[in-house]
Amino acid sequence: MIIDCHGHYTTAPELHNQWRIDQLAAFKAGKPSPAYPEISDQSIIDSVEKNQLRLINERGIDLTIFSPRASAMGHHEGDQRISLEWTVACNNLIKRVVDLFPESFIGVCQLPQSPGADLTESINELERCVNELGFIGCNLNPDPSGGMWQTTPLTDNYWYPLYEKMVELDVPAMIHVSASCNSNFHATGAHYMNADTTAFMQLLQGDLFKDFPALRFIIPHGGGAVPYHWGRYRGLADMLKQPALDTHLMNNVFFDTCVYHQPGIDLLLGVIDNKNILFGSEMIGAVRGTDPQTGQYFDDTKRYIDAADISRPEREDIFANNARTVFPRLNQTTKVLVS
């Protein structure tokens with residue numbers, strides 16, 4: 001079985017996207033948000049069948065852990081009310097995708113974060129999505145200010161109420177920023193990679209997992225710069241009088257395989273322990289084109305794992321078994337149980 005831990009609904013119906021534009025325009029004009037539009041099942045089916053479902057069938061992926069489009073979370077726009085309205089609409093749309101294609105998708109939720117707001121609404125929405133919608137995790141934005149980093153590190157007590165709820169529900173979070181409103185940082189080429197690397201360093205500097213030994217984070221995009229500079233981070237842990245990385249962080253932190261060339265995947269597999277790697281593609285996401293050197297899609301990451309010099313059991317762990325460990329609610333789904 002192959003479980004893709006990193007999928008976003010980047011092809012959502014245009015009515016959904018237009019509502020967001022209208023919602024933000026109403027907010028800026030001091031008016032109430034417009035009513036959310038009626039979106040037909042057929043428009044959702046068309047948006048998925050012609051895109052994600054076509055590709056996962058072509059590539060041999062069995063189940064995708066699916067969440068709202070990360071770049072559109074837009075936590076820096078509007079206020080807490082606006083973020084909550086948008087988040088509920090996005091998560092409800094993911095639920096509809098899962099219900100229409102239950103054998104192919106399972107949900108992960110966006111959170112209604114907003115700069116300066118506490119996490120009460122995020123905790124409530126996480127609980128709703130897990131207990132009522134059947135979702136198995138969440139995406140957590142370490143920088144809801146959109147590239148300005150006007151927030152506290154992930155190890156700060158500010159985040160603890162959310163972590164307590166995550167542990168109670170036994171769900172992980174993928175650390176994933178949204179759009180960048182800072183012209184210095186291209187969203188997918190810089191802001192995403194910066195955030196992945198920054199999150200790991202914040203965790204290295206702190207002692208979060210002493211307080212939350214069962215807390216689990218996925219740092220996407222292959223962990224940003226971390227695997228490439230693994231010696232640097234091992235050395236920094238020593239300089240900062242922290243424990244070794246394998247005990248300090250790597251029982252709780254995991255990386256995905258959203259790395260879009262073979263040498264990058266080979267480095268990831270050679271540096272990071274197998275148990276800490278989850279298969280992911282983020283298909284139809286940041287990089288959608290075809291690699292002229294190979295003639296294959298950049299984001300067809302299954303090809304890189306298939307070609308890697310690892311054993312069959314190691315490959316099976318990356319493709320499915322590690323995801324079952326990090327997302328234990330996966331093990332309650334019919335799709336996973338019968339595969």
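FYI, it's all coordinate maths here, none of it is from the lab. What you see is a predicted model; the values in this text were computed from it and never measured. Heads up, the Cβs are rebuilt from the backbone with ideal geometry, glycines too, and the neighbour counts pull from every protein chain shown.
Taking the DSSP bridge list for the chain and keeping only pairs wholly inside it, about 5 percent are antiparallel. Summary of the geometry: the stretch 226-285 and the stretch 1-74, compared by the centres of their Cα atoms, lie 29 Å apart.
Among Ile219, Ile305, Ile94, the residue with the largest mean-square fluctuation in a Gaussian network model of the chain, with springs joining Cα atoms closer than 10 Å, is Ile305. Between Thr120 and Asp306, the modelled label-to-label distance comes to 5.2 nm, taking each label 7 Å out from Cα in the direction of the beta carbon. Running a GNM on the chain with Cα contacts under 10 Å, which residue among Ala25, Ala320, Ala225 ends up with the highest mean-square fluctuation? With Cα springs under 10 Å in the chain, the top fluctuation among Ala25, Ala320, Ala225 is at Ala25. Remark on the stretch 142-269: Rg and Dmax equal 14.6, 40 Å (Cα only).
Residue ranges 255-267, 290-302 sort as 255-267, 290-302 when ordered by packing (mean number of other C-beta atoms within 10 Å per residue, highest first). Lys-Lys pairs in the chain that are eight or more residues apart or on separate chains and whose Cα atoms lie under 25 Å of each other come to 12.
Taking other residues whose beta carbon is less than 13 angstrom from the beta carbon of Tyr160, and scoring Lys, Arg as +1 and Asp, Glu as -1, yields -4.
Treating r as the C-beta distance of Asn131 and Asp273 and R0 as 35 Å, the FRET efficiency rounds to 0.60. Seen from every direction in turn and averaged, the convex hull around the alpha carbons of the stretch 42-173 projects onto 8.5 nm². Label-to-label distance for Asp46 and Leu15 is 1.1 nm, based on points extended 7 Å past Cα in the beta-carbon direction.
Among the trypsin sites (Lys or Arg not before Pro) within the stretch 24-103, those in coil by DSSP and having at most 11 neighbouring Cβ atoms inside 10 Å are Lys50.
One compactness figure for the chain is 0.95, namely its Cα radius of gyration divided by 2.2 N^0.38 Å.
Kirkwood's formula applied to the C-alpha pairs of the stretch 62-126 gives a hydrodynamic radius of 12.2 angstrom. Spin-label pair Tyr228-Asp170: with each label point 7 Å from Cα along the Cα-Cβ axis, the two points sit 3.8 nm from one another.
Of all complete DSSP H helices in the chain, those with a Cα span along the helix axis of 15 Å or greater and a mean Kyte-Doolittle hydropathy of -1.0 or more are 14-28, 80-100, 120-131, 192-205. Subtracting the Cα-Cα distance of Leu24 and Gln296 from their residue separation scaled by 0.36 nm leaves 94.1 nm.
Convex hull volume of the Cα atoms of the stretch 219-259, normalised per residue: 60 Å³.
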